[in-house]
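We did not get these values from a lab; they are worked out from the coordinates using the rules stated. This is a predicted model, so every value here is computed, not measured. Cβ atoms come from the backbone with ideal geometry, glycine included; neighbour counts cover every protein chain shown.
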Amino acid sequence: MSFTSVNPYTQKKIKSYTALSNQALDQKIKLADRAFNDWSELSLEKRMAYFQKVAAYLRREKQRYAELMTAEMGKTLKEAMAEIEKCAVGCDYYLEKAPQFLADLTIETEAKKSFVAYQPLGIVLAVMPWNFPFWQVFRFAIPSLLAGNVGLLKHAANVSGCSLAIEEIFRACDFPAGAFQSLLIESKTVESVLKDSRVKAVTLTGSEKAGASVASIAGSQIKKSVLELGGSDALIVLADADLEKAAEVAAHSRMQNAGQSCIAAKRFIVEKSVKKEFTDRVLHHIQVIQQGDPMSEATTMGPVARLDLAETIDKQCTETVQQGARILHGGSRQGCNVQPILLDKVKPGMTAFDEETFGPLAVIVEAKDERDAVKLANQSNYGLGSALWTQDLERADRLARQIQAGSVFVNSLMRSDPRVPFGGVKLSGFGRELSDVGLKEFLNIKTVWME
Ligand code: NDP
């Protein structure tokens with residue numbers, strides 16, 4: 001069995017990688033298990049010293065890793081450079097905060113002493129996707145390893161080069177052997193890894209199908225799982241919004257990374273009185289997108305990562321138009337290069353409203369008023385992120401609480417920021433990443449009570 005990386009822009013094969021044999025896989029788990037004993041015994045200061053090296057190393061090697069990402073999954077080199085920087089910033093953030101987050105928490109009770117201690121679980125398996133091949137991995141690995149866990153990565157098959165490169169980073173920064181390893185395995189092998197008693201927990205970012213499978217295996221083994229799945233985020237624009245800013249951010253949110261982001265604004269829900277003006281402004285921002293070679297500086301949108309993903313977007317667009325939507329922009333495709341699409345007159349019941357669209361496809365949905373806008377936003381099986389545009393912050397505070405999502409960003413780009421929790425409700429998954437909440441997902445939150 002082997003995995004082949006294909007450049008989505010040129011469709012040329014980059015390299016094939018051989019899958020791990022069962023014996024090699026077992027050796028890796030054994031090594032991780034051994035590493036956990038030593039790694040978890042190290043002081044936090046010592047573990048932090050390793051991550052200081054990681055931050056510096058990422059910044060030093062940024063260009064090389066960015067080029068690898070661009071070649072394997074097609075994001076523009078500029079986006080890839082920013083992604084590596086984000087991983088380094090993630091290190092900086094946890095290096096500053098980990099001592100505070102991991103300190104014992106004293107709780108006043110009638111006992112002589114009572115406190116909570118935060119202790120690592122052991123080997124955590126990370127099943128990760130290709131859309132942010134470095135950031136998705138680092139946002140799990142930094143807090144988990146700092147807290148004393150060790151990591152095994154099963155990365156998406158189309159980014160095996162990135163998977164091995166991430167393992168190389170930990171090696172180059174002198175981490176003990178086994179503290180972080182990449183497993184080149186098929187998705188069907190995840191079951192046996194997760195059922196191995198040495199593996200204690202799993203985090204998965206990806207589709208509902210993969211999430212449901214992995215969480216049910218974890219559940220059968222009584223192991224903790226965190227799921228970060230799809231989204232169909234609403235971006236609500238109310239009549240009093242700064243329309244130009246809202247349109248610019250909406251187009252960027254939807255089209256960055258060629259539309260392949262779980263927290264992209266996928267449904268623009270706009271109050272009727274400003275719909276025409278907002279739509280015209282969004283259309284302008286979409287028209288100026290420069291498609292082309294993602295390695296080129298002039299390109300602002302690269303190809304989608306795989307042909308099957310491009311075909312899915314095509315199909316979702318065609319179906320939605322057949323169901324009554326009007327196409328304002330896009331509709332053509334060459335291989336993985338999907339022209340950015342803007343659809344108007346989209347309603348519940350249409351494919352692009354009901355399904356997650358993982359590519360450059362934006363839709364305009366008309367809302368009668370704020371109440372209708374929130375109702376439409378919540379008319380989704382997903383609940384990951386969302387955005388709300390209004391200049392009235394009291395109104396925003398009230399409406400933000402009514403939106404069924406893990407995050408609501410008001411007058412701003414919905415994004416993952418290490419300082420705030422990230423995750424969803426409904427079919428978007430459960431558990432949280434980032435901040436102190438994410439760091440504590442894979443810890444034994446131990447109560448100690450002394451009389
Ligand atoms: P998948 O969910 O199939 O892949 C994500 C990761 O899960 C990969 O590492 C994949 O491995 C692994 N995986 C897939 N199925 C299983 C399984 N049954 N058991 C264990 N691991 C599994 O996503 P796709 O790449 O196929 O993309 C399909 C759709 O998923 C997208 O269109 C989008 O809607 C959603 N998605 C959401 C993401 C997010 O950020 N929330 C990211 C990526 C996709 P392998 O590559 O070997 O199959």
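All but one of (1) surrounded by fewer than 20 Cβ atoms within 10 Å (Cβ to Cβ); (2) over 27 Å from Ala241 (Cβ atoms) hold for Leu309; state the number of the condition that does not hold.
(1)
For the range 330-353, what are the residues that are surrounded by fewer than 17 Cβ atoms within 10 Å (Cβ to Cβ) and either closer than 20 Å to Glu311 by Cβ or among the small types (Gly, Ala, Ser) (or both)?
Passing the criteria: Gly331, Ser332, Gln334, Gly335, Gln339, Gly349.
Is at least one residue of the range 353-364 free of Cβ contacts under 8 Å to residues at least 40 places away in the same chain, more than 16 Å from the ligand (Cβ to nearest atom) and at negative phi?
No; the residues of the range 353-364 include none that is free of Cβ contacts under 8 Å to residues at least 40 places away in the same chain, more than 16 Å from the ligand (Cβ to nearest atom) and at negative phi.
If Gln136 meets every condition in (1) in contact with a Ser or Thr (Cβ under 8 Å, 6 or more places away or on another chain); (2) more than 12 Å from the ligand (Cβ to nearest atom) apart from one, which number is that one?
Exception for Gln136: condition (2).
How about the range 9-123: which helices (runs of 4 or more DSSP H) wholly inside it have at least 2 residues that are farther than 25 Å from Arg198 by Cα?
44-60, 62-73, 77-102
Out of the range 325-351, which residues are among the aliphatic types (A, V, I, L, M) and in contact (Cβ under 8 Å) with a residue 60 or more places away in the chain?
The answer is Val338, Leu342, Val346.
Do we have Gln322 as of a type outside the set (A, V, I, L, M, F, W, C), surrounded by fewer than 16 Cβ atoms within 10 Å (Cβ to Cβ) and either without any contact (Cβ under 8 Å) to a residue 40 or more places away in the chain or more than 16 Å from the ligand (Cβ to nearest atom) (or both) here?
Considered against the rule, which asks whether it is of a type outside the set (A, V, I, L, M, F, W, C), surrounded by fewer than 16 Cβ atoms within 10 Å (Cβ to Cβ) and either without any contact (Cβ under 8 Å) to a residue 40 or more places away in the chain or more than 16 Å from the ligand (Cβ to nearest atom) (or both), Gln322 comes out as yes.
Just need a number here: residues in the range 355-371 that are among the acidic types (Asp, Glu) and either in contact with a Phe, Trp or Tyr (Cβ under 9 Å, 6 or more places away or on another chain) or over 22 Å from Lys272 (Cβ atoms) (or both).
Adding up the residues that qualify gives 2.
Given the options Ile289, Ile327, name the one that is away from the ligand (no atom under 16 Å from the Cβ), of a type in the set (Val, Ile, Thr) and assigned to a loop (DSSP other than H, G, I, E, B).
Just one listed residue meets the conditions, Ile289.
Among the residues that make up the range 436-450, is at least one of them within 16 Å of Gly231 (Cβ to Cβ) and under 21 Å from the mean Cα position of the chain (by Cα)?
no
Which of the residues that make up the range 219-240 are small (Gly, Ala, Ser), buried (at least 22 other Cβ atoms within 10 Å of the Cβ) and more than 16 Å from the chain's Cα centre (by Cα)?
Passing the criteria: only Ala234.
Please find, within the range 182-214, the residue that is surrounded by the most Cβ atoms within 10 Å (Cβ to Cβ) out of those that are closer than 20 Å to Lys30 by Cα and touching an Asp or Glu at 6+ places or on another chain (Cβ under 6 Å).
Out of the qualifying residues, it is Ser182.
Go through Pro294, Pro303 for me and flag whichever is more than 16 Å from the ligand (Cβ to nearest atom), touching a residue at least 12 places away in the same chain (Cβ under 8 Å), surrounded by 24 or more Cβ atoms within 10 Å (Cβ to Cβ) and part of a loop (DSSP other than H, G, I, E, B).
One residue alone meets the criteria, Pro294.
Among the residues of the range 263-277, are any within 16 Å of the ligand (Cβ to nearest atom) and either of a type in the set (S, T, N, Q) or in a loop (DSSP other than H, G, I, E, B) (or both)?
Yes, that holds for at least one residue.
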